[in-house]
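> To start, I am sharing the structure in question, which I have written as structure tokens.
The values are calculated or read from the model by the stated rules, or taken from the named source; none is laboratory data. As the structure is a prediction and not an experimental result, all values here were calculated from the model. Positions of Cβ are generated from backbone atoms using ideal geometry, with glycine treated the same way; all protein chains shown enter the neighbour counts. Only protein heavy atoms, including side chains, enter the accessible area calculation; ligands, DNA and RNA are left aside. Shrake-Rupley method; radii C 1.70, N 1.55, O 1.52, S 1.80 Å.
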Amino acid sequence: MKIIHMTVNGQPREVAVEEGESLTDTLRERLGLTSVKKGCEAGECGACTVLIDGKAVNSCIYLTVWADGKRILTVEGLRDDCGELHPVQKAFVEEAAVQCGFCTPGLVLTGVELVNSGRTYTREELRERISGHLCRCTGYENILNALERVVGKHDS
């Protein structure tokens with residue numbers, strides 16, 4: 001076991017982990033953050049996406065030992081101090097971009113990364129940015145609509 005120090009959703013955390021333990025397993029099993037979904041466990045579906053120091057990462061192929069000293073953000077950490085949803089979460093609700101919800105946390109966090117970039121994106125750029133996320137329910141159009149609402153370029 002190795003002791004890891006990281007900041008998770010704004011809180012300093014110290015956790016003992018196995019050397020080969022994935023960040024997905026640590027977040028879900030040791031810290032109870034179940035918004036981080038276990039999907040393919042091969043880095044191909046995006047269900048386990050978290051933000052590590054502001055960048056969207058597939059946590060299933062990221063070892064927890066690599067997270068030592070890093071800032072991790074999951075969906076549980078998105079609400080502000082007043083309990084308000086993040087603008088990306090609001091856009092997903094407003095655009096009905098959620099069906100079963102399994103892919104939603106990862107897509108929302110990718111959206112947060114895009115919002116935090118400070119730039120705007122065309123629909124095609126957004127489509128490319130979410131290409132690492134698999135969704136079996138929505139057909140992606142409402143997801144793209146939601147992302148356009150918060151980071152899209154709009155014709156004037």
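> Hey, any hits in the stretch 30-51 for a residue that's in a helix (DSSP H, G or I), at pLDDT 95 or above and either open to solvent by 30 Å² or more (accessible area, probe 1.4 Å) or hydroxyl-bearing (Ser, Thr, Tyr) (or both)?
Yes: one or more hits.
> Would you pick out the residues in the stretch 129-144 that are in a helix (DSSP H, G or I) and either open to solvent by 10 Å² or more (accessible area, probe 1.4 Å) or at pLDDT below 95 (or both)?
If the condition is that a residue be in a helix (DSSP H, G or I) and either open to solvent by 10 Å² or more (accessible area, probe 1.4 Å) or at pLDDT below 95 (or both), then Arg129, Glu141, Asn142 are the ones that fit.
> When you look at Leu126, is it buried (at least 16 other Cβ atoms within 10 Å of the Cβ), in a helix (DSSP H, G or I) and free of Cβ contacts under 8 Å to residues at least 40 places away in the same chain, yes or no?
Judged against the criteria, Leu126 is a match.
> Name the pairs: first residue in the stretch 28-49 and within 20 Å of Val17 (Cα to Cα), second residue small (Gly, Ala, Ser) and open to solvent by 20 Å² or more (accessible area, probe 1.4 Å), Cβ to Cβ under 7 Å, at least 6 apart or on different chains?
Between residues of the stretch 28-49 that are within 20 Å of Val17 (Cα to Cα) and residues that are small (Gly, Ala, Ser) and open to solvent by 20 Å² or more (accessible area, probe 1.4 Å), the close pairs are Cys48/Gly39; Thr49/Ala56.
> Across the stretch 129-145, which residue is farthest from Glu41 (Cα to Cα) among those that are in contact with a strand residue (DSSP E or B) (Cβ under 9 Å, 6 or more places away or on another chain) and not basic (Lys, Arg)?
Asn145
> Hey, among the residues in the stretch 1-17 that are free of Cβ contacts under 8 Å to residues at least 40 places away in the same chain and among the charged types (D, E, K, R), which one's least open to solvent (accessible area, probe 1.4 Å)?
Arg13
> Further question: Would the stretch 113-120 turn up any residue that is more than 25 Å from Lys153 (Cα to Cα) and touching a residue at least 60 places away in the same chain (Cβ under 8 Å)?
no
> Would you pick out the residues in the stretch 60-83 that are surrounded by fewer than 20 Cβ atoms within 10 Å (Cβ to Cβ) and either among the aromatic types (Phe, Trp, Tyr) or modelled with pLDDT under 95 (or both)?
Within the stretch 60-83, Trp66, Arg79, Asp80, Asp81, Cys82, Gly83 meet the criteria.
> Can you tell me which of Gln99, Gln89 is part of a helix (DSSP H, G or I) and either open to solvent by 40 Å² or more (accessible area, probe 1.4 Å) or closer than 30 Å to Pro12 by Cβ (or both)?
Answer to the check: Gln89.
> Mind listing whichever residues of the stretch 5-29 are in a helix (DSSP H, G or I) and of a type in the set (Asp, Glu)?
Matches in the stretch 5-29: Asp25, Glu29.
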